[in-house]
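As structure tokens, the structure follows; a few thoughts come after it.
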Amino acid sequence: MSTAPGPDGAARIGTAASRLDRALITRMVVIAVLLGFVLFAVPELTSLYWLKVLTSVAIFSVVALGAGLLYGRVGMVSLCQIALMAVGGWVTARLGFATEIPFPLLLLIAGVVTGAVGTLIGLPALRLSGLHLALITLMAAAAITLVLGKKDFPNGGGGFWGVDLESNLRGGQMRRPSLAVNDTAYFRYTVIVAALMFLLALLFVSGKSGRAWAAIRESEPAALAAGVNVSVYKLWAFALASFMTGVAGGLFAGSLPRLAVTSFRTADSITLLAVVLMGGIYSLWGAVIAGVLYKLLPALLQDWGLSLEIATILFGVGLLQVLATAPAGLAAQVPKDLKNLGRLLGRAVRRSPASGGPSP
């Protein structure tokens, strides 16, 4: 019996493929336009203060991307992303003060070192999951923060730690790339690097590793039965998420005059997980929303003269709402709500007397 599709079936397949191609092209054009607007229009429309805030938004979007990758794609909860970000910042600062390595290479080294540290932290993920894994990563974050609190971040001093106790900062501003010395150029540099991190995540998620992670998230026994090496792919996910977080830490180091332990509080990892869940753990856009919520919302509240504690309350209420009604987060819920609203408005217009519809 022949299984080849008939003329009608082939036509339907061709139509579906052309629709997919058009949707992909449309999506790429929209992303390119948005990226161009952010790179060239936003710096001209905002003040220096808000440009620094938006730089932080781009940086923490990458951190949220790593946390969302672990939880949404693999089903593993990590509460040490902020601490791993501190590791990336430490490596970038130490090598930045001690060597003349180009800044892009500094970011790459910071990502690799942080990826190795994250892989070591992720070793318990081979045996643990859920709450137990979350507690292990939280304790690891506390340990990293404790060490950095005792030793402090490099400030240009000698020795392995590079800390000069007689000076808060020797050598001036943390080194930046030669093409992005001022804040406007550094904002654009940060956005481009963040976009590359999102592209890297997309390549992994849409490939073989993404299918393996999805199988592990649904059922580890089923994934094993399908021939997926669960141990390798779990560590792979931790390494990738930690690498991107380390790069974000390096970008964060370049955005500040000096790194401080207070910028990497252990409790912030819990807040980060909350905004990642609110943004959406199954979509890369959710990480962008999480970065906006995590950095832009508190800055707006502060600019309006309101207490920053309101942000914590809003995060709590928003998390409850998302868990109860929108598990996929705002990235999936907002387009659905807008689509439903458009349908309701369309029906209302069609039924109005002006449109020739039946009058009440």
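The values are calculated or read from the model by the stated rules, or taken from the named source; none is laboratory data. What you see is a predicted model; the values in this text were computed from it and never measured. Cβ: placed from backbone, ideal geometry, glycine included. Neighbour counts: every protein chain shown.
Restricting attention to region 235-284, report how many residues are under 11 Å from the mean Cα position of the chain (by Cα), assigned to a helix (DSSP H, G or I) and at pLDDT below 90.
Looking only at that region, the number is 1.
Limited to region 63-106, what total is found for residues that are in a helix (DSSP H, G or I) and either free of Cβ contacts under 8 Å to residues at least 12 places away in the same chain or closer than 21 Å to Trp161 by Cβ (or both)?
19
Only one residue in Ser178, Ser219, Ser206 is surrounded by fewer than 18 Cβ atoms within 10 Å (Cβ to Cβ), within 24 Å of Ala98 (Cβ to Cβ), of a type in the set (S, T, N, Q) and out of contact with any helix residue (DSSP H, G or I) (no Cβ under 6 Å at 6 or more places or on another chain). Which one?
Ser178
Look through region 116-166, keep the residues that are of a type in the set (S, T, N, Q) and out of contact with any Leu (no Cβ under 7 Å at 6 or more places or on another chain), and return whichever of them is surrounded by the fewest Cβ atoms within 10 Å (Cβ to Cβ). Break it down stepwise before answering.
Kept after step one, since they are of a type in the set (S, T, N, Q), are these residues of region 116-166: 119, 129, 137, 145, 155.
Right, trim to out of contact with any Leu (no Cβ under 7 Å at 6 or more places or on another chain) and you get 129, 145.
Working: Ser129: 16, Thr145: 21.
Within region 116-166, the match that is surrounded by the fewest Cβ atoms within 10 Å (Cβ to Cβ) is Ser129.
With the structure loaded, tell me whether Ala58 is modelled with pLDDT of 95 or more and touching a helix residue (DSSP H, G or I) at 6+ places or on another chain (Cβ under 6 Å) or whether it fails that test.
The answer is yes for Ala58.
Could you tell me which numbered condition Leu320 fails, if it satisfies all but one of (1) part of a helix (DSSP H, G or I); (2) at pLDDT below 90; (3) buried (at least 20 other Cβ atoms within 10 Å of the Cβ)?
Looking at each condition in turn, Leu320 falls short on (3).
Does Gly115 fit the bill of being modelled with pLDDT of 90 or more and of a type in the set (Gly, Ala, Ser)?
yes
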